[in-house]
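One structure is given below, encoded as structure tokens.
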Amino acid sequence: MGFWHSFRHGVHPPDLKALTAAIPIRRLPYPDEIVLPLRQHAGNPATPIVRVGDRVERGDTLARAEGHISAPVHASAAGRVTAIELWPHPDGTHAPAIRIAVERYSPQATRPRVIPEWEGLSHEELIAAVKDAGVVGLGGAAFPAHVKLAPPPEFPIDTLVVNGCECEPYLTTDHRTMVEYPERVQLGIRIMLKCLGAKRAVVGIERNKPDAVDAIRNTLPDDLDVSVLDLTVKYPQGAEKMLIKAVLGRDVPSGRLPMHVGVVVQNVASLATIAEVFETGLPLIERIVTVTGLGIARPANLLVPVGTKLRDLIEACGGMTADAREIVFGGPMMGMAQADLDVPITKGTTGVVVLSRAETRDQPSLPCIKCGHCLDACPVFLNPQHLGALALADRYAEMEQAHLMDCMLCGCCSYVCPSHIPLSQLFAASKARVRKLKVLAA
Amino acid sequence: MTIGAVLLSAGILGAVGLGFAILISIAHRRFYVFEDPRIDAVVGLLPGNNCGACGFPGCRGFGEALVEGNTTPAICTVMSPDAREDVASFLGVDVGSADQRVARLLCAGGRDVAVQEAEYVGLETCAAATAVASGGKGCTWGCLGLADCERSCDFGAITMNEVGLPVVEPALCTACGDCVEACPKDLFVLMPLAHQLLVQCRNLLDGDAATAVCNVACNGCRRCAADAAPNLIAIRDGLAIVDYDHYDLATPAAIGRCPTGAIVWISGAQFQEPARALQGAVS
């Protein structure tokens, strides 16, 4: 039991997962159009290898990875490429994307393919297979999975930490994955342990998901050192560094990665996807998305073809209620607000939260009263009230000295601020400004 | 405690003080750095804004460069012409000449012509709004109109007009670049006032996709490129780009057939005429 397994600071927002936690995953019907951005992952955007007018089958490669930290993009439905052009992207910009008109009466079968026996593959072949399948971290950051499978040899990995926390309120994507596909998660762990050469895996799951804890515990393998820790419910437990602290008690220093302390963290949905690659031979072309919030008529956990437009997803869930106010990709704490219903679901979209008027607040922000709640909340031990004052005074050099760049924008400080100061929004803007000043100075 | 102890301690302190005084006077002579006294005088004549528009680190840096003869008084855009004359006559140099440069906004998408996809509620700054779905404007490149540039300007040269676009007053603008830094959408450029041909758009969408989000967007139709001197205007990524290295070829003829009014021939401040918004597309 993990009563003492936790990290310092953090907040306890209401988890609000009951809307969808018990709803089984169902498949979304294929929409009429799919839009696949070339940048759905951390790193370089993919390079298109199809032309306008080409007919593609479900699972075909549309764009190849550009360099090591990149991932290919595959067709998530059979159809014809109608355009390769700028399209609204979930990050709020316009970005190049491949548009596919889906064949309405296609059986959506895939080309015959050889499914590799993963046990027979070498380390390099396993990594190549994962890379070719375009697998990225499905927890939100969309970091290419094959990079995590091959850490540099100077940093030996002893433990794989499996992230089943899903600490963001509302989301139940990972929860349903663990409940419905525990064997896939276990197979993913098995493959990843082999690649990393690690001896042990620990699955961290927050205690508000007892059925997921049971499902994973009941499928634990006999021949591997895999264990399950049920963790206290606290945000942001699913952040890599917080989870490592909670599970192993190790601190990852500022500016360093988990591999520097001998750990790799991977999310349960990503592990299930890696397993799926070797079960079906199909690349990452669909993912589980929680559509939830009081602003949506019928909340659901959906298996969605990547590239489905937000508009189609909302329609499939019965549309928005009259008092829907804001749409967020990801959870309400760190998610990205959306301005356009044409944005596509990407590989990194964990959920779509449609917030009603009752769930949003727009009180004006008041002066800081120096209460220090934000200091007690910040999981990376920054001083948000000081940083906030500096941000309002445009003092960016001093913000950098006060470790602005260590802020991961988790939103804990904004959440606890009694004066409703939008601290993490200020920090997001300040980080952009610091990066811009560096570019201007260069 | 006797009087002797008091005298001893006073004597030791005095001796130590004398020793250091001698050391300091030696160091003062040995490591003396000559500084041209004219520098202080010139810096006294400079405006003292430390705006950096001259490209030197503050007014003192500029003053040092002036005394060394590395620049001319005309480079300072903040001083009045009379003040420049004073500096020039003090140093016995020519005032020199510099093209007046101003900040120009590469967007004309005010509230009247640009589509707002979603309402932004929150902190009223462009930087904060940009962090939330780029501010909710249909054109994700466009000006948000929340006046970060107006607040950043130390010279009061920027005022927001009634449709939420910043108007730069050329007479007040010193081209210091503070607005360039402040704009999270990178819409400001510094350019010579004499450059009148300007594409007031950064939208990379093509054709109807561009005009669907903003009536005055450049849709990459190539008419300006055809009407201008060869190689003056290129179309890249659905946007007309003026080659300012060949600016001497520019004439107002280039803007005549623009269907959206994205390319303009400005005299003085921007946005003085109402947006032409999709006129003359046919005929």
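The values are calculated or read from the model by the stated rules, or taken from the named source; none is laboratory data. Quick caveat, the model's predicted, so the values are computed rather than measured. Backbone-built Cβ (ideal geometry, glycine too); neighbour counts: all protein chains shown. Protein only, heavy atoms only, side chains kept; ligands, DNA and RNA dropped before computing areas. Shrake-Rupley method; radii C 1.70, N 1.55, O 1.52, S 1.80 Å.
Details
- Converting phi to 3J(HN,Hα) with the Karplus coefficients 6.51, -1.76 and 1.60 and the offset θ = phi - 60°, the range B:168-179 yields 8, 8, x, 5, 9, 6, 9, 6, 6, x, 5, 5 Hz in sequence order, with x at every glycine or proline.
- When only Cα pairs below 8 angstrom with a gap of at least 6 residues are kept, the range A:118-280 shows a relative contact order of 33 percent.
- Taking the longest Cα principal axis of chain B as reference, the axis of helix B:3-30 is set at about 50 degrees.
- The mean accessible area for residues of the range A:118-280, using a 1.4 Å probe and ignoring ligands and nucleic acids, is 34 Å² per residue.
- Taking every C-alpha pair closer than 8 Å and separated by at least 6 residues, the mean separation divided by the residue count of the range B:108-226 gives a relative contact order of 27 percent.
- Peptide ranges A:152-163, B:85-96 listed from the most packed, as the mean C-beta count within 10 angstrom indicates: A:152-163, B:85-96
- Dipole moment magnitude, nearest 20 debye, the protein assembly as shown about Cα centre, only Lys, Arg, Asp, Glu C-beta charged: 1020
- Computed from the alpha carbon positions, the gyration tensor of the protein assembly as shown leads to an equivalent ellipsoid with semi-axes of 51, 40, 24 Å, biggest first.
- With a simple spin-label model that places each label point 7 Å from the Cα along the Cα-to-Cβ direction, the separation between B:Arg29 and A:Thr321 comes to 8.9 nm.
- Scaling against 2.2 N^0.38 Å puts the C-alpha radius of gyration of the range A:373-441 at 1.03.
- Most simply put, the protein assembly as shown has about 70% antiparallel DSSP beta bridges, counting only bridges with both residues inside it.
- Extension gain, A:Lys199-A:Ala297: 0.36 nm per intervening residue step, less the Cα-Cα distance, totals 30.7 nm.
- Here A:Asp225 and A:Ala42 are evaluated by their C-beta separation; at R0 = 25 Å the FRET efficiency comes out at 0.25.
- Within-13-Å neighbourhood charge of A:Thr173 [Cβ basis; K, R +1; D, E -1]: 0
- 23 Å Cα-Cα threshold exceeded, pairs from A:Lys431/B:Lys137; A:Lys245/A:Lys436; A:Lys241/A:Lys431; A:Lys148/A:Lys347: A:Lys245/A:Lys436
- The range B:101-281 pair-distance distribution - Cα-Cα, 5 Å bins, rounded %: 1, 9, 18, 21, 21, 16, 10, 3, 1, 0
- Per residue, chain A reaches -7500 deg cm²/dmol at 222 nm when only DSSP H runs of four or more residues are counted, each adding -39500 (n - 2.57).
- A simple count of charges around B:Cys51, restricted to other residues whose Cβ falls under 14 Å of its Cβ and scoring Lys, Arg +1 and Asp, Glu -1, yields -1.
- Average other protein chain Cβ within 10 Å of Cβ, residues A:82-90: 3
- Taking all protein chains as they are arranged and a probe of 1.4 Å, the heavy atoms of B:Trp141 leave approximately 50 Å² accessible to solvent.
- Mean-position separation - Cα centroids, the range A:263-316 and the range A:371-442, in angstrom: 32
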